[in-house]
1. Dipole size in debye (nearest 20) for segment B:77-189 around its Cα centre, Lys and Arg Cβ +1, Asp and Glu Cβ -1?
2. Note down the nm distance, to one decimal, between modelled labels 7 Å out along Cα→Cβ at B:PHE85 and at A:LYS18.
3. Return P(r) of segment A:145-256 (all Cα-Cα pairs; 10 Å bins starting at 0; whole %; ordered from short to long distances).
4. Among the residues of segment A:282-319, which ones have their accessible area go down by 10 Å² or more when all the protein chains sit together, as opposed to their chain alone (1.4 Å probe)?
5. Using the Kirkwood radius built from alpha carbon pairs, what does the Stokes-Einstein equation give as D for segment A:7-98 at 20 °C and 1.002 mPa s, in µm² per second?
6. Nearest 100 Å², what total accessible surface is buried between chain A and chain C (probe 1.4 Å)?
7. Write down the accessible area per residue of segment C:41-112 in Å², having rolled a 1.4 Å probe over the full set of protein chains.
8. Defining the label point at 7 Å along Cα→Cβ, can you sort the distances from C:GLY105 to the same site in each other copy, shortest first, in nm?
Amino acid sequence: MKFSYKLGELIDLLVPKKVVGHTSFSISSIESLTKTKRGGISFLGNPKYKKDVEISQASVILLPAGLDLTPKEDQCFLLFDNPSFALGKLCRDIERKCCPRPSGGIHPKAIINATASIGQNVSIGPHVVIETNATIADNVVIMAGCYIGHGVKIGDNSVLHPSVRVMNFCEIGSRVTLYSGAVIGSDGFGYETVDGVHEKIPQIGNVIIEDDVSIGANTTIDRARFGHTKVGKGTKIDNLVQLGHNVIIGNGCLIVAQTGIAGSTTIGDYVVIGGQVGIAGHLNIPNGVMIAGKSSVPNYKPKMGKILRGNPATSINDANLFYVLRSRIPNLFDRVLKLEESLRELLSK
Amino acid sequence: MKFSYKLGELIDLLVPKKVVGHTSFSISSIESLTKTKRGGISFLGNPKYKKDVEISQASVILLPAGLDLTPKEDQCFLLFDNPSFALGKLCRDIERKCCPRPSGGIHPKAIINATASIGQNVSIGPHVVIETNATIADNVVIMAGCYIGHGVKIGDNSVLHPSVRVMNFCEIGSRVTLYSGAVIGSDGFGYETVDGVHEKIPQIGNVIIEDDVSIGANTTIDRARFGHTKVGKGTKIDNLVQLGHNVIIGNGCLIVAQTGIAGSTTIGDYVVIGGQVGIAGHLNIPNGVMIAGKSSVPNYKPKMGKILRGNPATSINDANLFYVLRSRIPNLFDRVLKLEESLRELLSK
Amino acid sequence: MKFSYKLGELIDLLVPKKVVGHTSFSISSIESLTKTKRGGISFLGNPKYKKDVEISQASVILLPAGLDLTPKEDQCFLLFDNPSFALGKLCRDIERKCCPRPSGGIHPKAIINATASIGQNVSIGPHVVIETNATIADNVVIMAGCYIGHGVKIGDNSVLHPSVRVMNFCEIGSRVTLYSGAVIGSDGFGYETVDGVHEKIPQIGNVIIEDDVSIGANTTIDRARFGHTKVGKGTKIDNLVQLGHNVIIGNGCLIVAQTGIAGSTTIGDYVVIGGQVGIAGHLNIPNGVMIAGKSSVPNYKPKMGKILRGNPATSINDANLFYVLRSRIPNLFDRVLKLEESLRELLSK
């Protein structure tokens, strides 16, 4: 994204506690301290990288107020209680300018069934299809090529990136973001095998995505056999994640890319799941559990504690201990062999 | 999906062996025994959950004929030889009513090449593209935004959900379901490295999907280098699965989400593969093998038997034994240390 | 793909060093030596499969010049210095004929913003959307249903398969192939948790895909928090891969399907990563490293060497040794038990 801020504009926007150094710049890039060049802005988020400030070529650096550092010539320091927060404010400003919300309005090449209900100030892009009885609340943005099935509800201020598909009767809350290619409400993987034929079990439930949820690109969330597959308020899900039918995710969870959760498993609130984790079906994972990336969780018992790791997962302490000992196992074999030899020798005397 | 059945309608539809209890209801939800509320219907699939019947608030419960249970006041039991089967019948009826097959007809916003052949009673949604010489058989449903490449064949009664892409010359059988975002026939990942440049090996084969197959959302199946990548009759594949070029899958297999099978591997009939499994290329997995979720299969030898687990996979017995012993390895190190000490002491006497 | 070559046409195209045997054929299929039937062509790539030539039913076989084999009646051998190279030439010819590059031109059902710049001889399919200030260089092919965001740049001779989405301000080099459903430049997964609310960190960087890169179907590559997520020249990425924000991939890498690389990790040049590998964030993987499929890489230290395997990964030698010893661990427990018994007996004497 291309942008340019004069130092005065920056100061007006970010309101630093103090301005130190040269003050007649424009900045037009943001990078980490060591990568930024002249004309760029950077920040010190973690005081342990303080030395990077000294070598940084950044024209403007956002710093914690307490720090006693002197800008180089042609450099300006802006001091804040929380430089990361100030940077976030700047980034949001840039984002707002470079990628403004599409203007309200329905593109003439969108196809919207006459029975659908469309709120105020909604933006619907080209090639969007909205089927019968769908309800789109106010201020929703639906970008190009999305598919909104029959009876779907989308809450206010939600944003659907290009080519999202929300299948029949699913319900999306307010301020939800669905990234490109996500499929919400495809049929659950349920078959009954009768005489060697896998007969499909109808999947007549839906998916409920609660308020303030984010769902990553090309992620798939299957509809319930009956009842609901549900993602709780404020949960953030990354790309290429798979949630099976009737999975229930609590509030405020973080689920990293390529994780899969099998059918009917319930995840509590504020659970953090690393990338590429696999969780079996019909489990209950309590509130606040953290699962390291690449772990598999075929079952969960309270004695496993709150931080899990491994394949299959155990408490993280047990897992880490095993990984350390694993490297000593070849030596253990040697030691046992030596013991056997010593003992044999002893007995043969 | 919203529905409502009067008890009389339910009885006409499901034809129970016996009706016990109160009979003047409508039901408008389905859930498990413990979740259902008044106005809901539930069922006892497995007699071991018999106690859930006693606490269930369901207005109507489908039960096995032999069971001797008494409905609460305001509750009705319907008795069947196979309550699950009866429930399935009800669900299919609901599905049929809530999500009727799109009416036959080609949407005016579909783009169909004049050389394509379209059968009787085909439904083609908006923004579908069908390229030259494609053949679409009778009763096929192609939903919004699908792409059908040159020379593709789609057999009768198949259903393509929104945004499915079937690339040039692939062949889809009869009664196949392709879920949203599936990509059938993208190029195989084949490169020859010449002087540090990865030169693409042309992928001129295709993908053949046989009858009664189901392919999950955002799953990718690559076309063959030459010849065919093939999925056999009646096989069901879940979401986000990857099949490499020239993979051959037999009949009646079940492949759970996020599994990947590398190029040129052949999978027999009725193989069951759990989620997130990885299978290396150029292997032969015999009929009837089962592979536990999250396993990796870098090779297969008959002595591994029919049920595999682990990373890398072994027979499930060996894997389970190892997982039990794994937790005792820290203790084993202690025991060996003690043995060494004892022996040293003994020898020093 | 359907094709037919008379032997004369084959000879004209491939220019063999020598032609042996019967010469009045047409060939219309390609398969491996043991699968080809009459009317088919095959090749001997690796001399160790020489015996397959004797049993092959192929009408035409491409062979290394040095080999002294006699064709069967009704069979023709074409001799080359490099039969694989000759086969590749044939396959490219078939591909060119069966799947010709779409004719230049913009489909009337594409929607292209007036501020976008479109080069010479560009082919843009139906339902493509190109947003403001996008730049499409000469000879680019953009197939049906692609989405090209604001300010995106696409270099000459690149090909975008159906339904690719390139989000705002991303830059695609020359001769790049993006396969169907790939999402380039979705927001990175970055949240800051404030009082139990996961607040989105704006992701204002972009993705840069350098020249000659290939990105597989339904793969997702997230835009940078700021700066760039980058894929270096000549790197080939398979299907369903996930690259987090600010990941930097070097030149000439090969990354197999379903691998995930977490944010801010840097991968060197000519790194080869097997399928389903997981690499943690903020790591540096040096040039030339190879990582076996299904490995997890939570950290990297030079002493791990250039070939890694395992979960978590170690040097491949350590990993392979562990996998061998793993099968002997049950026996090790027995041996330690016996040692304890022997020692106890010894001490009790």
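The values are calculated or read from the model by the stated rules, or taken from the named source; none is laboratory data. Bear in mind the structure is a predicted one, so any value in this text is a computation, not a measurement. Heads up, the Cβs are rebuilt from the backbone with ideal geometry, glycines too, and the neighbour counts pull from every protein chain shown. Surface areas here come from the heavy atoms of the whole protein model, side chains and all, with no ligands, DNA or RNA. Shrake-Rupley method; radii C 1.70, N 1.55, O 1.52, S 1.80 Å.
1. Once rounded to the nearest 20, the dipole reads 280 debye.
2. 8.2 nm
3. 17, 50, 25, 7, 1
4. Flagged in segment A:282-319: A:LYS294, A:SER296, A:PRO298, A:ARG309, A:ASN311, A:PRO312, A:THR314.
5. The calculation lands on 167 µm²/s.
6. 4900 Å²
7. Using a 1.4 Å probe on heavy atoms only, each residue of segment C:41-112 averages 52 Å².
8. 3.0, 3.0
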